[in-house]
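K.L.:
Before I ask anything, here is the structure I am working with.
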Amino acid sequence: MSALVELDRLSKVYSTRTGDVVALQGITLTIDEGEFVAVVGPSGCGKTTLLKILANLEQHTGGTGILGNRELGGKASDDVGMVFQKATLLPWLDILANVLLPVTLKRRASAADREAAMDLLRMVGLEEFAHKRPDELSGGMQQRAAICRALVHHPSLLLMDEPFGALDAMTRDALNVEVNRIWRETHKTAVLITHSIPEAVFLAQRVIVMSARPGRIVEEIEIPFGRERTLELMGTPEFAALSARIRRDFEVKAA
């Protein structure tokens, strides 16, 4: 399996009026094609900054980063899809038009584009809501539409920044199962930022633990479960033990 993302001693320093702020320091990480990686760490440790660098929405200030066969640090990449903490759907567009937005911002959507968008909505159970407005959907349904929007232009890398943090526990669990299914069916490489250790264990093949600022990788933990995950997994002793171990390590190493 070949690497899609390669980071070598990557760092990010913000220059402020009162001095430099080191957000990320010495991040060395390889993510293989088709892998699902979750990143956990304390608030302010640079997790979202790392995601923005991968999306070319921020430029790193040290080290090197490669996505596919291109160096990071240029313009925003068409090879990346991003799901934010809120769905951020445009309220005056229907769901189908929102999903197609990454396409229509660049060119006129074709019949094939519209069919691809409908296929994604069908995959997440939103086909019958294609012509509804966002305020006619629940929060969980809106986030499913946001995932479709992130995938409609066929990116190699799917980035998710705490996408389910504002949802209730039952909706969040259901969407975690949905994300696992989407990942398996689309074969995308995925990086998830989350504050939830159980969510990281449930979704990821590998969990990256970051320290408090300046953000550094302090541990990488392989998750030994298969690609298909069901909610029953969360009730197993193995799942509980692994989550507890990561929480203990997190509290010690990320402090």
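Quick grid of which residues meet (1) at pLDDT 90 or above; (2) among the polar types (S, T, N, Q); (3) in contact with a Ser or Thr (Cβ under 6 Å, 6 or more places away or on another chain); (4) surrounded by fewer than 19 Cβ atoms within 10 Å (Cβ to Cβ):
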{"site": "Met170", "(1), (2), (3), (4)": "no, no, no, yes"}
{"site": "Val179", "(1), (2), (3), (4)": "yes, no, no, no"}
{"site": "His187", "(1), (2), (3), (4)": "yes, no, no, yes"}
{"site": "Ala190", "(1), (2), (3), (4)": "yes, no, no, no"}
{"site": "Arg206", "(1), (2), (3), (4)": "yes, no, no, yes"}
{"site": "Ile223", "(1), (2), (3), (4)": "yes, no, no, no"}
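K.L.:
On to the next question. Filter the stretch 4-22 for residues that are surrounded by 16 or more Cβ atoms within 10 Å (Cβ to Cβ) and in contact with an Asp or Glu (Cβ under 9 Å, 6 or more places away or on another chain); which is farthest from Pro155 (Cα to Cα)?
P.N.:
Lys12
K.L.:
Can you report the number of residues in the stretch 71-112 which are hydroxyl-bearing (Ser, Thr, Tyr) and crowded, with 17+ Cβ neighbours inside 10 Å?
P.N.:
Kept after step one, since they are hydroxyl-bearing (Ser, Thr, Tyr), are these residues of the stretch 71-112: 77, 88, 104, 110.
Next, only the ones that are crowded, with 17+ Cβ neighbours inside 10 Å stay: 77.
Of the residues in that region, 1 qualify.
K.L.:
Give the stretch 50-84 a look and list any residue that's among the β-branched types (Val, Ile, Thr) and either in a loop (DSSP other than H, G, I, E, B) or touching a His at 6+ places or on another chain (Cβ under 9 Å) (or both), or say none. Quick ask: steps written out before the conclusion?
P.N.:
Our first condition is that a residue be among the β-branched types (Val, Ile, Thr); within the stretch 50-84, this holds for 53, 61, 64, 66, 80, 83.
Within the stretch 50-84, Ile53, Thr61 qualify.
K.L.:
Further, regarding this structure: Has the stretch 48-56 got at least one residue that is surrounded by 14 or more Cβ atoms within 10 Å (Cβ to Cβ), within 16 Å of Ser211 (Cβ to Cβ) and not β-branched (Val, Ile, Thr)? Can you show your working first?
P.N.:
Initially, the stretch 48-56 is screened for residues surrounded by 14 or more Cβ atoms within 10 Å (Cβ to Cβ), giving 48-56.
When the remaining residues are screened for being within 16 Å of Ser211 (Cβ to Cβ), the result is 48-50.
Adding the requirement that they be not β-branched (Val, Ile, Thr) leaves 50.
Yes: the stretch 48-56 contains one or more residues that are surrounded by 14 or more Cβ atoms within 10 Å (Cβ to Cβ), within 16 Å of Ser211 (Cβ to Cβ) and not β-branched (Val, Ile, Thr).
K.L.:
Moving to a separate point now. Consider Glu232 carefully, then state whether it is among the charged types (D, E, K, R), in contact with a Lys or Arg (Cβ under 7 Å, 6 or more places away or on another chain) and outside any loop (DSSP other than H, G, I, E, B).
P.N.:
Working: among the charged types (D, E, K, R): yes; in contact with a Lys or Arg (Cβ under 7 Å, 6 or more places away or on another chain): no; outside any loop (DSSP other than H, G, I, E, B): yes.
Answer is no for this residue.
K.L.:
Quick one: Leu96 ticks every box in (1) of a type in the set (A, V, I, L, M); (2) outside any loop (DSSP other than H, G, I, E, B); (3) at pLDDT below 95 except a single one, so which number is it?
P.N.:
Of the numbered conditions (1) of a type in the set (A, V, I, L, M); (2) outside any loop (DSSP other than H, G, I, E, B); (3) at pLDDT below 95, the odd one out for Leu96 is (3).
The values are calculated or read from the model by the stated rules, or taken from the named source; none is laboratory data. Everything numeric in this text was worked out from a predicted model, so none of it was measured. We place every Cβ from the backbone using ideal geometry, glycine too, and count neighbours over all the protein chains shown.
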